[in-house]
Every structure is written in structure tokens, then in C-alpha cells.
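The values are calculated or read from the model by the stated rules, or taken from the named source; none is laboratory data. Predicted model, so just to flag it, every value in this text is computed and none were measured. Positions of Cβ are generated from backbone atoms using ideal geometry, with glycine treated the same way; all protein chains shown enter the neighbour counts. Keep in mind that these areas ignore ligands, DNA and RNA; they rest on the heavy atoms of the full protein, side chains included. Shrake-Rupley method; radii C 1.70, N 1.55, O 1.52, S 1.80 Å.
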Amino acid sequence: MTGPRTGPAGYAPWLVGLVGLTLARLVVAGFVPLAPDEAYYRLWALAPAAGYLDHPPMVALWMRLGLWLGGDTAFGLRLMGPISAFAGSCLLVQAGACWQPGSARAGRGVGLRAAIMLNSTLALGLGTLIMTPDTPLVFFMTLLVWSLSRLCAGGAGWWWLVAGAAVGLGFDSKYTALLPALGVGVWACVNSHGRHWLRTPWPWCAAVVGMLCISPVIWWNATHHWASFLKQGGRTADWQPARMLTFLGELLGGQVGLASPLLFGLFAVGFVTLWRRRDVFSALLSWVILCPALVFVQHAFGARVQANWPVVVYPALALAAAPIVSGWLKPAVACGVGLTVAILIQAVATPLRLAPHWDVTLRQLGGWSAFGQAVASVAPEGLPLMADEYGLAGELAFYAAPRSVVAVEPRWSLFALPRPACGQEGYLIRSHKRQGGPDSAMFDVMPGPVVSLSRMRDGMVAETYGMFHVRLRCDGGTRVGNAAQLPVK
């Protein structure tokens, strides 16, 4: 495959194609219903903070920017996904050009193949349409790879500062951004070129830049009982060697699925080839990939590794595979794009009528708009809707508007949101999957029938719920600290 040609007007055809892909993603983003996690992150964007229980705040900042530009709609909430993928793809193309400086066309071709492969994974194909913390994380990790490629291509020392900012802002997206940074640190200690840099102030200044970027998250944790660090860091102590093979199999299967089978194979071969190369950037990129991979394998000895965790190294893996893909590029890309398109078609049009157990799009995306309006119409006026699941609370706040929504769960004590009064009555919407009635520590159930509700898409039931008339119990004082009045659409 040759590199891209530049037309008379100076616009590369690959750039025109990337613009078209971005526009298509923006159009589709407005039609796919919000997933429960997205609806939850929307509440973060409407209640800005330097941290949250589950993750750092970058996804909330990106959603807030999208809300400002595109309104409080699915399109606005997801706006930054396709835009960041566009910017990251351009950076990856330039990283390839820096890595192969002998020929501008060959180098640009390597970067272009890397960008095509990264965009063809389900992780990015769906990640540009479903806003999660991985969306900004992948962008900042691509920024890290680009800055390191410039540094290894003979760039000035100040490129370390860009790398430090990329790691810091990646950490503000998701804590796993520290793992590629660990790889950079190992490379700096074991590689002669890296040790040379350690004798200059630049890597140390980069560390200062990174610390400045993450300081708000540290401050938030320090003032909130280290809640997020303890929640995420507590997983490192898990140890279940008897289930090791199961967890390792899930880790491998998750990557085969999330990258798509052929692209995962290319990524694996690309890493092996990269490890054998002798140039400085190949050595650095190898450690950026290897350190996170070893941590994930180690974690699989004790607990499940979520399929999306390794996406932190997908930009580096795509670049590693780019020089060796040859004739496998087209079928690998076709496989990844085909899977992404099939999932999107199922999410929007439901051509296959599958049970919720088999259809993740039905479970996660099916019927939320109609369900929200149905709940709002069934629940008598004058009292708020309530939910003791954060995802359900977020969906009701978006789709049941303008009905007032109260979320009841310990995590809400960390939000700077209004608290309902002790004894506040409302209608609790509770999934039937959660066996038993409302938590007696939080609710008094009022006399009256329990209304059954179904969330459906095209006649297929995604989930069923009960609606209870309840009253909030006091947990000290006149306000309920574990409940919050949510901002609605």
C-alpha cells in the first residue's frame, strides 16, 4: 500500500475521507439512544466537579462542551466523540510520518494505515458514538504516541512537556493512563537514549506538568475521603488463582471482540515485530504497550479485566501493526467496520429479534425514550420519580423530563446537588432484576398497588420494572444525604 497523494489544492484524499467519516458519525450519534452510563455521565456534566466516584472528570468536561455546542441532546452529548477521533487520527498519521523519516510518502502511509485500523476497531467505531471515559482517554493516548514519535525523531526536549500533559490529561480521563507512562519510565531507565534524556531537565519537567494536570483530581479525592482512588485501586488486591484461566480467557476474548478478530491478530503480530526492531521509537513504543499488558495479565490472576481497559494501548498497537499489515489490511478493516455497522443497525432498526440475554443493544439502548415518557404519564403528578440505580436515574432525568427525579444511592452523597427533605414522598422505579422490594434502610413503602412497567423496543421486552409509592427515610438531620435532586432536561 502506498502513501496518500496530495491533490492540487493541497488536501490529501485521506483527510477528505476522514472528514466524511466524522460527519457520518455525527449524524448517527443523534439517532442512537443514550446508554445508562452515558445518561449518568450527563449528570456529571451538569454538576461539574474535579472528580467523581467512578472516574476522573474529563468525560464530564467533554460532554459539557458538547452540551454548549450542540444542546442537551444525544447529538450534543456525543459531539466531542467524532471530533476527538478526527483529531486523534490526524495525530496518528503524523506519528507514522515521524517514525519513518526516510520517505515522507512511506511514513505517511504507515500513519494512515494505523489510523484506518484504529478507526476500524469496535472500541473506536462505537466509542465515538457512545460517550464514555475511554473516548477522551484514547485521544490523549494518541497525543502521547505522537509527542513521543516527535521526540524520538530528533525533536526538541520540550516535546517531553507535551507527553507529560498527554499523560496528565489522560489520567483526568481514566486512571489507566498511568500504565503507558510507566512504560515510558521503564524505557528511560533501560534504554541508552532514554538514560541520556534523564540527564536533562525535560523528563522531570514533564512529570511536573503531568502532576499539575492531575492535581485537581487528587484534591477532590483528598476532600472526599479518597473515594475514587479507593474504589479503583482496591481492585489491585484481588487474588483468585483458581479462576485465573477463566479471567485470562475473558481478557483475550474481550480483546478479540473489541478490536475485532483480524485486527487483534494484526495488533499481536505488530507488537512482536515491534519488539524485534532496533530503532529508538520502536523500543519506546514496545514498553508503552508491554507495561499495561503485563498489568492487565497480572490483574487477571485475581479478578476480571473489563474488555475496555486495554484500549489505553490501542493507538500504540495500531501504529505497531501499520508497517506489516500488507494484504491483510482490507479484510481486517472490513471485518471491524462490518461488525460496528451491524451493531449500530441492530441498535437503531432491530432487524434481528433476539432475547435481551443475547442482544446487548436491547438491554442497554432499547426503548428508553418511550419508557421515560410512559413512567412520567403513569406516575401521578406532584411527586418526583425516584431511582436507586444510577443508570436508571440518569435515563429518567433525560427521557422523563420535565418530571422531577430523585436519585437514592450512597454515591450521590459525593455530588454537589440539592438534597430532598426527610420524609419526601415519590414513586420509586425499580428493576425486577433486583430481587426484593425497596431497601428498608432508605425507603418506607406506602400503602397501594405496585405498578408494573416494561421497557420495550419493537415489541421486544428489554427489562421490566415495578413502581412503588415510597417515602424517604432520614439518615440524620432534616435532609437525606444519600439522595440527590437531579437536573432534568
Original post:
Within the bounds of the stretch 222-239, is there any residue that is surrounded by 15 or more Cβ atoms within 10 Å (Cβ to Cβ), touching a Ser or Thr at 6+ places or on another chain (Cβ under 7 Å) and assigned to a loop (DSSP other than H, G, I, E, B)?
Top reply: no
**OP:** Output yes when any residue across the stretch 5-18 is at pLDDT 90 or above, surrounded by 19 or more Cβ atoms within 10 Å (Cβ to Cβ) and part of a helix (DSSP H, G or I), and no when none is.
**Re:** yes
**OP:** Report yes if A374 is in contact (Cβ under 8 Å) with a residue 24 or more places away in the chain, open to solvent by less than 60 Å² (accessible area, probe 1.4 Å) and under 30 Å from V348 (Cα atoms), otherwise no.
**Re:** yes
Original post:
When only residues in the stretch 399-444 that are aromatic (F, W, Y) and open to solvent by less than 10 Å² (accessible area, probe 1.4 Å) count, which is farthest from the chain's Cα centre (by Cα)?
Top reply: F443
Original post:
Which residue, of V480, V488, is under 28 Å from the mean Cα position of the chain (by Cα) and open to solvent by less than 60 Å² (accessible area, probe 1.4 Å)?
Top reply: V488
**OP:** Could you please find all residues in the stretch 311-362 being of a type in the set (G, A, S), under 21 Å from A97 (Cα atoms) and in contact with a Pro (Cβ under 9 Å, 6 or more places away or on another chain)?
**Re:** A316
Original post:
For residues in the stretch 92-129 being assigned to a loop (DSSP other than H, G, I, E, B) and at pLDDT below 95, which is nearest to V32 (Cα to Cα)?
Top reply: L129
Original post:
Name the pairs: first residue in the stretch 286-315 and open to solvent by 40 Å² or more (accessible area, probe 1.4 Å) and aliphatic (A, V, I, L, M), second residue modelled with pLDDT of 95 or more and outside any loop (DSSP other than H, G, I, E, B), Cβ to Cβ under 6 Å, at least 6 apart or on different chains?
Top reply: V295/L179
**OP:** Kindly indicate the residue of the stretch 325-356 that is β-branched (V, I, T) and assigned to a helix (DSSP H, G or I) and also farthest from G125 (Cα to Cα) among those meeting that condition.
**Re:** V348
**OP:** Read through the list (1) in contact with a helix residue (DSSP H, G or I) (Cβ under 7 Å, 6 or more places away or on another chain); (2) aliphatic (A, V, I, L, M); (3) over 17 Å from W187 (Cβ atoms), then give the number of the only condition that A153 fails.
**Re:** (3)
Original post:
What residue, among those in the stretch 32-73 that are in contact with a Ser or Thr (Cβ under 8 Å, 6 or more places away or on another chain) and part of a helix (DSSP H, G or I), is surrounded by the most Cβ atoms within 10 Å (Cβ to Cβ)?
Top reply: V59
Original post:
Being in a helix (DSSP H, G or I) and within 21 Å of the chain's Cα centre (by Cα), is that true of even one residue in the stretch 265-278?
Top reply: yes
**OP:** Can you tell me which residue among R411, R353 is more than 30 Å from L91 (Cβ to Cβ), among the basic types (K, R) and touching a strand residue (DSSP E or B) at 6+ places or on another chain (Cβ under 7 Å)?
**Re:** R353
Subject >> Cross-chain or 6+ apart pairs with Cβ under 6 Å, the stretch 29-58 first and without any contact (Cβ under 8 Å) to a residue 60 or more places away in the chain, then among the aromatic types (F, W, Y) >> reply: G30/F75; W44/Y52
**OP:** Would you be able to tell me the number of residues in the stretch 357-369 that are over 22 Å from the mean Cα position of the chain (by Cα) and outside any helix (DSSP H, G or I)?
**Re:** 3
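Condition check ((1) crowded, with 19+ Cβ neighbours inside 10 Å; (2) touching a residue at least 24 places away in the same chain (Cβ under 8 Å); (3) not β-branched (V, I, T)) across all residues:
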| residue | (1), (2), (3) |
| --- | --- |
| A156 | no, no, yes |
| A165 | yes, yes, yes |
| L169 | yes, yes, yes |
| S173 | yes, yes, yes |
| T176 | yes, yes, no |
| A181 | yes, yes, yes |
| V186 | no, yes, no |
| N191 | no, yes, yes |
| G194 | yes, yes, yes |
